[in-house]
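Chemist: Okay, handing you the structure first.
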Amino acid sequence: MIKVGLVGIGGMGKVHFNAYKNIPDAKVVCVADVRCDMAKEKVEDDNIKIYSSMEEMLENEDVDMVDICTPSYMHAQMSIKALEMGVHVLCEKPMSISSKDTSLMKEAAEKSGKFLMIAHVLRFMHPYKYLKSIIDSGELGKVVHIDMRRSSSIPKWSWEDWMRDISKSGGTPIDLSIHDIDFVQYVFGMPKNVSGTYRKLKGNSDCITSHLVYDDFDINISAGWYNCTLPFKDEYFAVFENGHINYVGDGKVFKNGEEVKFATQDTESEKTDINIKAGSGYEDEIRYFTDCIKKNVKPDMVSVESSKQSVELVEKILENSHII
């Protein structure tokens, strides 16, 4: 049994907490959150001890790993500290809001001998795994063009409003758009050229459009937080030499106009309080990491270097973007 210490049980932390209930070989045995009373209400289990800090938790509990679901600006410091204290680390995306910090995280993981994996959930979600399988197999020929989009109401719900503080969240480029940027980098590697347009937080809207150019195809990626009531939406449209794949959201994917059926549909996932649905990708990424720990196999599906490169790619896009 993999014993887990969950760090942060806000919106995303609760999604992770619930996912462990479906993973027989891993169990949350303790939780750390500065809001102890709120944590007790969310956990609803007197056998799970609540701590006010990760350090206190690790000093008093014997855990195999920590699952860090704290605000993005805390990821680097907490991951490094946990690795130094001798436990494996699963950390929510982004790896950090600075590539400088990702280098320090990589060094800490290598020095500790423990595993560090960033929870890039798109790599585990059915619609995106399917797109990668079509690309890798060459079933529809080579990629010609891909459009990827995601949008949401601006996240006013975050603890102490940290997500609307660009210095803490990085805004839509590093918080929201990194989902698609990471997936593209994971599948195709680093692009030849990048450019973009970033409307940096004005009037409670923040949005970025990025253009990534590869040898013989290009990809447009857009993401936005908007000052209106807007359900979370993610989608893509991929054109190949001999066909197309269209993901319209809510787990629905169409190949050449015909719906693709998956064994487990993300449309059956539970609602959360953070304007997303808790699809099976969250459970699958956690199961993958805990399996790696059990087998003592490095989690190469989401390597530290790959996650580091995704942060570097966001920074490169911003360096080559027109800021409005």
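Chemist: Return the percentage of antiparallel bridges among DSSP beta bridges fully within the chain, rounded to the nearest 5 %.
Modeler: 55 percent
Chemist: If each residue of separation counts as 0.36 nm, what is the full-extension length gain between residue 60 and residue 137 once their alpha-carbon separation is subtracted?
Modeler: Full-extension gain reported as 22.8 nm.
Chemist: Can I ask one more? Provide, for q = 0.18 Å⁻¹, the log10 of I(q)/I(0) from a solvent-free Debye sum over equal Cα point scatterers in the range 154-266.
Modeler: -1.05
Chemist: Still on this structure, I have one more. Treating cross-link reach as a plain straight distance, find the aspartates and glutamates whose alpha-carbon is under 16 Å from the alpha-carbon of residue 261, omitting any fewer than eight places away in the same chain.
Modeler: Excluding near neighbours in sequence, the set is 250.
Chemist: I would also like to ask the following. Roll a 1.4 Å probe over the protein chains and send me the accessible area per residue for the chain in Å².
Modeler: Ligands and nucleic acids excluded, the result is 44 Å² per residue.
Chemist: Which residues' amide hydrogens lie under 5 Å from the amide hydrogen of residue 119, considering only partners 5 or more residues apart or on another chain, with H built in the peptide plane?
Modeler: Sorted by chain and number, the residues that satisfy this are 91, 92, 93.
Chemist: Can you tell me the orientation of helix 11-20 relative to the chain, as the angle in degrees between its alpha-carbon axis and the longest Cα principal axis, to the nearest 10?
Modeler: Taking the Cα atoms of the chain, the angle to 11-20 is about 80 degrees.
Chemist: Go ahead and run the numbers for FRET between residue 41 and residue 202, Cβ-Cβ distance against an R0 of 41 Å, rounding to 0.05.
Modeler: 0.70
Chemist: Let me ask you something else. Which of the pairs 3/308; 27/100; 142/192; 114/294 have their Cα atoms more than 24 Å apart in this structure?
Modeler: 3/308; 27/100
Chemist: Beyond 35 Å, what percent of the Cα pairs of the chain remain?
Modeler: 18 percent
Chemist: Another one. Which far-off residues, 5 or more places away or on another chain, put their amide H under 5 Å from the one on residue 250, with H placed in the peptide plane?
Modeler: It is 234, by chain and number.
Chemist: Roughly speaking, to the nearest percent, how much of the range 1-55's 1.4 Å accessible area is carbon and sulfur?
Modeler: Here it works out to 45 percent.
Chemist: Name the aspartates and glutamates eligible as straight-distance cross-link partners of residue 202: C-alpha to C-alpha under 17 Å, and not fewer than 8 places from it in the same chain.
Modeler: Hits, sequence-local ones excluded: 161, 165, 175.
Chemist: For the range 1-90, what class follows from the C-alpha gyration tensor (a ≥ b ≥ c being the square roots of its eigenvalues): rounded when a/c is under 1.5, otherwise prolate if a/b is larger than b/c, else oblate?
Modeler: Rounded shape, in that the Cα axes give a/c under 1.5.
Chemist: May I ask for the angle, rounded to the nearest 10°, between helix 280-295 and the longest principal axis of the chain, with both axes built from Cα atoms and the value confined to 0 to 90°?
Modeler: 60 degrees
Chemist: Let me ask you something else. So, R0 is 45 Å and r is the distance between the beta-carbons of residue 215 and residue 27; what FRET efficiency does that work out to, to 0.05?
Modeler: 0.45
Chemist: Also, I was wondering about something else. What is the calculated FRET efficiency for residue 187 to residue 288, with r their C-beta to C-beta distance and R₀ = 22 Å, to the nearest 0.05?
Modeler: 0.80
Chemist: Right, next: Taking the mean number of other Cβ atoms within 10 Å as a proxy for protection, how do you rank 71-78, 252-259, 85-92 from highest to lowest?
Modeler: Top of the packing list down: 85-92, 71-78, 252-259.
Chemist: Ok, one more. What is the Cα coordinate range of the range 128-202 on the first, second and third principal axes, sorted by size from largest, in whole angstrom?
Modeler: The Cα atoms of the range 128-202 stretch 47, 25, 17 Å along their principal axes.
The values are calculated or read from the model by the stated rules, or taken from the named source; none is laboratory data. Given the structure is predicted, the values throughout are model-derived calculations rather than measurements. Because the Cβ atoms are built from the backbone with ideal geometry, glycine has one as well, and the counts that use them run over all protein chains shown. We work out accessible area using only protein heavy atoms, side chains counted, and drop any ligands, DNA or RNA first. Shrake-Rupley method; radii C 1.70, N 1.55, O 1.52, S 1.80 Å.
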